[in-house]
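For reference, the structure is listed below as structure tokens.
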Amino acid sequence: MKKIDLLKKIEEAKIKQKAGNSIEANQIFQALLKSNNDSFDLLYAYGLFCIELKNFNLAKRVFLNLINKFPSSINPYILLAEILKIEKKFKDAEKVLLKAIKIDSNHGDLLYNFSLLYFALRNFDYALVYIDKAIKLSTNNYIYKLLKSEIYINKSNIDEAIYILEDLNNNNKIKKDNNKEIRINILLADAFLKKRDYEKSEILLLNLINKFKGLELAYLNLSVLYKEKNQLSKSIQILKKGINLSPNFMPFYTNLACFYRNSGQLELAIETNLLIISRNKFDFNSFYELSGIYDFKNHKNELNFLLKTKLENLNPNLKIYAAFAISNLLHKEGKFKESAKYLKIANDESMKYKKSDLSLKIKHTEFYRSLKIKKSKNKYLKNSSNYIFIVGMPRSGSTLLENILSLNPEVTDMGEVNFLEESIKEIKDIKCVYDLYEKKVINQFQSSIIYTDKSLFNYMYCPIIYNFFPNAKIINCIRNPLDNILSIYRANFLNQSFSFSLKDISNLYVHYFETMEEYKTNYGENIYSYCYEDLIKNPYNVIPRIVSWLNWDWHEKYLSPHQNKRNVYTASSAQIRKKFYSSSIGIWKEYKELLEPAIEIIKTNKILGEKISQ
């Protein structure tokens, strides 16, 4: 077949595909492939067709065939790597791109895709290096600049991102292109959100909604903005508006289910997740969400589908969520050995794609542990008595504690804000840390007499708190080390990559414990040690002692934290709606075989070793 005729037939297949006639398009491709299987244009178009149909295995074979037949052509490498990236096979994707760059080191789209890969891996420094190289080759490519702005947003270089985006917004050519305008302003709104300039972010998103009716991403991002402002009712309201406009846009439902759970509306969270599964039985994120709040008693078919799913046939992301979900359900049934098996599958899979941040956390802690600081005498720091810092390891009972404290009407519970770490990074003179921290609090929260800050890793900054927040209170949350380690391992903490390794969790636990033992010696007057097990076993003694240490007036309501209606955004958002329960105390013994590596590490500290032998 002549090339011109071949291209016409390929175009015909594309038109059929675009019109939704995939079967007819495939018939055209199959007929052409019988006699033209050496045509680059045909194989390339067919590979793109397979991607469109999400037939990634076939698409990979097509692009591998292209690479073998046309090894100097770069685009097949890029598309093969893109598929591998979708499948979370990042190392394989990197190998493919490295082969391509040996062929052409000055290919802009290849460098762009390197940047995309490292962006997906959250290696933002590498991503920035490659996108800068791509921009150098094509200085007016707005797609490249958009990615650079997104990298800056994730590196918290917000002002640099805003500069790029506002410069793009002022380009007259871009102003005439609706798609470009939308992409730029969505990112610009995200940058202002990260900067906590909620007003500018909200204005941008509302303008997009008004100008482009039914712009789903604007509604979705606006719901996240209201969540950040702790206005979950507005988040839910805006999602419902979005659903009315685009009832088939599933991210609306995913956010809605999450916000229902955060606000304590568990029945609606269950109902929404079940709706998601009814539309896509492979949405294992919803199965995972349900596994923490629902027993599937009235949905046996869905439960059987999950339990019979062959994990080896799933892509890594789906496999992780499915394995965590199955583990949770088996745990509830008391089938702990089987639960442990799936728990290990989920975490081992996660470790393949996420580098542990254990060494960074220890290095960070040691830096502040070794600082020599003179206690500040600034008279204005007396206001630091407004702040209570709740610190410790994740899953140590901190959410329950904050739920108790926030029953005081004078308390604003800020949750896991990152204000202290941000303030330390942003200032040039450490003596200014209090002023910037307070500014961030005032900017985001209404005026209050007392604020609780539950960013748990603030334990690293106890020397900073003691010296520059001299009247602040620090409550250190303590839990049985092995129960704590197991709970972290079961939690699927996406943003805490140490949490996928039992050894790393255990090593961090020991380091945290030894650090806090030193800080209690140095700053004991400011630190209260709260033990989760003691509170659960005897709340009538423990809670009054905490309230007394804070110099608050006593009230019986502190004994009923499950009645607190506040929004909760942590992994414990469902559990804290229940009355005190002791079923998780000592649960590590059911997972003893799995926890052997953790036990050996914990025993290296004498005090901790005694705790687990009791």
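Of all residues in region 414-430, those satisfying the criterion of being part of a helix (DSSP H, G or I) and surrounded by 15 or more Cβ atoms within 10 Å (Cβ to Cβ) are Phe419, Leu420, Glu421, Glu422, Ser423, Ile424, Ile430.
Kindly indicate whether any position in region 97-106 is hydrophobic (A, V, I, L, M, F, W, C), farther than 24 Å from Lys352 by Cα and out of contact with any Gly (no Cβ under 9 Å at 6 or more places or on another chain). So far as region 97-106 goes, yes, one or more of its residues are hydrophobic (A, V, I, L, M, F, W, C), farther than 24 Å from Lys352 by Cα and out of contact with any Gly (no Cβ under 9 Å at 6 or more places or on another chain).
Here the strands (runs of 3 or more DSSP E) wholly within region 440-552 that include at least 3 residues being modelled with pLDDT of 95 or more, within 24 Å of Val417 (Cβ to Cβ) and of a type in the set (A, V, I, L, M, F, W, C) are 473-478.
When residues in region 285-301 are screened for being farther than 18 Å from Arg261 by Cβ and in a helix (DSSP H, G or I), 2 of them pass.
Scanning region 7-47 for residues that are among the aliphatic types (A, V, I, L, M) and surrounded by 17 or more Cβ atoms within 10 Å (Cβ to Cβ) turns up Ile10, Ala13, Ala25, Ile28, Leu32, Leu42, Leu43, Ala45.
Across region 220-248, what is the number of residues that are out of contact with any Leu (no Cβ under 8 Å at 6 or more places or on another chain) and more than 23 Å from Val441 (Cβ to Cβ)? Here the count works out to 7.
Taking region 225-251, which residues are part of a helix (DSSP H, G or I) and surrounded by fewer than 19 Cβ atoms within 10 Å (Cβ to Cβ)? Of everything in region 225-251, those that are part of a helix (DSSP H, G or I) and surrounded by fewer than 19 Cβ atoms within 10 Å (Cβ to Cβ) turn out to be Glu228, Ser233, Lys234, Gln237, Lys240, Lys241, Ile243, Asn244, Leu245, Met250, Pro251. Inspection of region 562-571 identifies no residue that is under 30 Å from Met351 (Cα atoms) and either among the basic types (Lys, Arg) or without any contact (Cβ under 8 Å) to a residue 40 or more places away in the chain (or both). Within region 571-592, the set of residues being modelled with pLDDT of 60 or more, within 25 Å of Glu267 (Cβ to Cβ) and either outside any helix (DSSP H, G or I) or touching a strand residue (DSSP E or B) at 6+ places or on another chain (Cβ under 9 Å) (or both) comprises Lys578, Lys579, Phe580, Tyr581, Ser583, Ser584.
When Leu128, Leu97, Leu79 are screened for being within 14 Å of Ile67 (Cβ to Cβ), modelled with pLDDT of 95 or more, out of contact with any Leu (no Cβ under 7 Å at 6 or more places or on another chain) and aliphatic (A, V, I, L, M), only Leu79 passes.
Taken over region 181-205, the criterion of being modelled with pLDDT of 90 or more, surrounded by 14 or more Cβ atoms within 10 Å (Cβ to Cβ) and out of contact with any Ser or Thr (no Cβ under 9 Å at 6 or more places or on another chain) is satisfied by Glu181, Ile182, Arg183, Asn185, Ile186, Asp197, Tyr198, Lys200, Ser201, Glu202, Leu204, Leu205. Within region 46-66, is even one residue within 14 Å of Asn113 (Cβ to Cβ) and not hydroxyl-bearing (Ser, Thr, Tyr)? So far as region 46-66 goes, yes, one or more of its residues are within 14 Å of Asn113 (Cβ to Cβ) and not hydroxyl-bearing (Ser, Thr, Tyr). Does Pro71 meet the test of being surrounded by fewer than 16 Cβ atoms within 10 Å (Cβ to Cβ) and not small (Gly, Ala, Ser)? Yes: the conditions hold for Pro71.
In region 102-124, the residue that is surrounded by the most Cβ atoms within 10 Å (Cβ to Cβ) out of those that are farther than 18 Å from Asn141 by Cβ and more than 19 Å from the chain's Cα centre (by Cα) is Ile103.
The values are calculated or read from the model by the stated rules, or taken from the named source; none is laboratory data. All figures in this text were calculated on a predicted structure; none of them were measured in a lab. Ideal geometry is used to build each Cβ from the backbone, glycine not excepted, and the neighbour counts take in all protein chains shown.
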